[in-house]
Number of protein chains: 2
Amino acid sequence: MHVLITGAAGMLGRKLAAQLVRDGCIGRREIGTLTLVDVDHSTVPADLPGDSVRKTADLSVPGTASDLVAAAPEVIFHLAAVVSGEAETDFGKGYRVNLDGTRLLLDAIRARGIGERYRPRVVFASSVAVFGAPLPEVIGDDFFTTPLTSYGTQKAICELLLADYSRRGILDGIALRLPTICVRPGAPNRAASGFFSSIVREPLAGHEAVLPVGDDVRHWFASPRAAVGFLTHAAAIDLAPLGGRRSLSLPGLCASVGDELAALRRIGGEGALRRIRREPDAAIARIVEAWPRAFDPQRALALGFHAERSFDEIIAVHVEDELGGVVAAG
Amino acid sequence: MHVLITGAAGMLGRKLAAQLVRDGCIGRREIGTLTLVDVDHSTVPADLPGDSVRKTADLSVPGTASDLVAAAPEVIFHLAAVVSGEAETDFGKGYRVNLDGTRLLLDAIRARGIGERYRPRVVFASSVAVFGAPLPEVIGDDFFTTPLTSYGTQKAICELLLADYSRRGILDGIALRLPTICVRPGAPNRAASGFFSSIVREPLAGHEAVLPVGDDVRHWFASPRAAVGFLTHAAAIDLAPLGGRRSLSLPGLCASVGDELAALRRIGGEGALRRIRREPDAAIARIVEAWPRAFDPQRALALGFHAERSFDEIIAVHVEDELGGVVAAG
């Protein structure tokens, strides 16, 4: 089987590629070829299958998508996107990459399938940003999408396209509204959600971190490992039970900053807690206030998707996957 | 004030133009210029304001939209669309006209406004086709949009674009999910919903009509006059109460075919009823089964939108507006 990953150089793309190489298969189907594409140079996992390729290409440039689907990949993980902040500051780039890029990919699949039996599984990384305040405390599976960012708008539009192209039999698509990924590895970034990860990651590495909101702030989390699990599970399962409704809110952990700090104390000790500096930031508090806090993802649970159930688990995954199982002495 | 209507040659566009000419204003603002554009030749109402123009142009052709907004119309009614059936049979045309055409219009407004204070009111004709089965008996204002046609998908996408462009201050938009318009004037068409109109229109004109479904089939209706009222009201009111949620389900009448026939009997007599031939059609019954039956349009009601409350009223509007107040003897 041939598997294509767009956005393969991103945090999730790299972890997904590494997992696929470890698994060697999706469901019962062996992976013969892995094509990794990104606008940046991708980090290639060791032990790639024989005729795998890495491409540096921009999906939003006409022709790129046709080139990528020419070899008829059976599974396409579409992760490529401009992130939330950039889509907000650069209107044109956000729509070009996140909307036009996706549409070019879907239309290339359509063109590739004319006169042939080509109907790939397309797993699309959507986001809880398709929802916008005011929100209920718990968001049900039939709640409407009223995004408050251009990024969320572009994701919601791509969900609609994916559903229509699936309904027409052009592809077999599923959109996954990923929870906030925590603990994100790597350097702190300027995303408003960054502190949720940095207040665990930095103290455990012996560094200081800033906490801009109060302990009672709640949010919806899953680990990078759980996110990779969502993607591979979505590629393997029968999607017929979804009917025409191809977008899924996913399981996650509804936790407060207080829950997060308590788990950090249990795993990293008082020393880790002392490395957190409280610097209340009203602007960040307002942004976070507008985000979803919890979901009731009945459909995804019924399809076998699962995530962590405590912040201890989320931190344990970080320690295992990023720190070689070792926590610095508190 | 300069008012632009796209899709001005359609049933609703013609009625809207005629109403605007009669009113001479929108809210308290006098209409100085009316620009009517359509791919077909528009019927021009008598007594058009002085420098009004009629244009035959295709919005989905790049350049057309820039040309139309060059004169900075303050109110834009965007009605132009390929209808449901055609968007389903002609995939490319549906996306080109209904999605790309709308995006070209919104982007032309954006370009027109750069460096200037241009932020027009945009009233977009959306549809209850943004909803898809399975549906609750009554659809609330926060129910999700899962269209089951490409037409409904395109309308739902345009709703998202309109909301994002409004949030960014590029325009001041509102999307109206029009109920099924009944009684549609003119010749019977092949739309699956056509019978709802023809079983009133044809008997009242002394002709036979076919009824393909049972008396218990329920649907959501408003008259053409109510639809024009939705559009002009949406152009006049303050939209600040909508916040970021720019799409509205509208008031309408939830009525069964039985209700419709009873009203027809009261207005047209037994003779009118006898002109209806029952020809059950399982295919049409299945299509109609998947459509919304009723809404609880709290937000639209709070904003002052209103429609008919009985089928007698809907038929009375048809008799007044299309038949000169005269019903043929039963």
I need the full set of residues from the range B:283-330 which are under 23 Å from B:Ala272 (Cα atoms), in a loop (DSSP other than H, G, I, E, B) and among the charged types (D, E, K, R), in order please.
B:Glu308, B:Arg309
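Condition check ((1) in contact (Cβ under 8 Å) with a residue 60 or more places away in the chain; (2) touching a Leu at 6+ places or on another chain (Cβ under 7 Å)) across all residues:
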position: B:Gly258; (1), (2): no, no
position: B:Gly268; (1), (2): yes, yes
position: B:Ala272; (1), (2): yes, yes
position: B:Phe295; (1), (2): yes, no
position: B:Gln298; (1), (2): yes, no
position: B:Glu308; (1), (2): yes, yes
position: B:Glu313; (1), (2): yes, no
Those residues of the range B:133-170 which are crowded, with 24+ Cβ neighbours inside 10 Å, over 19 Å from A:Phe131 (Cβ atoms) and either among the hydrophobic types (A, V, I, L, M, F, W, C) or facing chain A (nearest Cβ under 7 Å) (or both), in sequence order
B:Ser150, B:Thr153, B:Cys158
Right, B:Ala290: surrounded by fewer than 18 Cβ atoms within 10 Å (Cβ to Cβ) and either more than 30 Å from B:Ala18 (Cβ to Cβ) or modelled with pLDDT of 95 or more (or both) or not?
yes
Scan the range B:57-71 for residues that are among the small types (Gly, Ala, Ser), in contact (Cβ under 8 Å) with a residue 24 or more places away in the chain and surrounded by fewer than 16 Cβ atoms within 10 Å (Cβ to Cβ) and jot them down.
B:Ser66, B:Ala70, B:Ala71
Leading residue by the ranking (surrounded by the most Cβ atoms within 10 Å (Cβ to Cβ)) among those in the range A:181-226 that are out of contact with any Lys or Arg (no Cβ under 7 Å at 6 or more places or on another chain) and without any contact (Cβ under 8 Å) to a residue 60 or more places away in the chain:
A:Ser198
Single match in A:Glu74, A:Glu88 (criterion: touching a residue at least 24 places away in the same chain (Cβ under 8 Å), of a type in the set (D, E, K, R), within 14 Å of chain B (Cβ to nearest Cβ) and farther than 22 Å from B:Phe91 by Cα):
A:Glu88
Can you go through B:Arg14, B:Arg22 and tell me which one is farther than 23 Å from B:Ala129 by Cβ, assigned to a helix (DSSP H, G or I) and without any contact (Cβ under 8 Å) to a residue 40 or more places away in the chain?
B:Arg22
In the range A:211-262, the residues that are assigned to a strand (DSSP E or B) and more than 14 Å from chain B (Cβ to nearest Cβ)
A:Leu211, A:Arg218, A:His219, A:Trp220, A:Phe221, A:Ala222, A:Leu253, A:Cys254, A:Ala255, A:Ser256
Every residue from the range B:236-252 that is crowded, with 23+ Cβ neighbours inside 10 Å and over 23 Å from A:Ala133 (Cβ atoms):
B:Leu250, B:Gly252
Considering only helices (runs of 4 or more DSSP H) fully contained in the range B:38-154, which possess at least 2 residues that are over 29 Å from B:Phe221 (Cα atoms) and not charged (D, E, K, R)?
B:64-69, B:101-113
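The values are calculated or read from the model by the stated rules, or taken from the named source; none is laboratory data. Quick caveat, the model's predicted, so the values are computed rather than measured. So basically every Cβ, Gly included, is an ideal-geometry build from the backbone, and we count neighbours across all protein chains shown.
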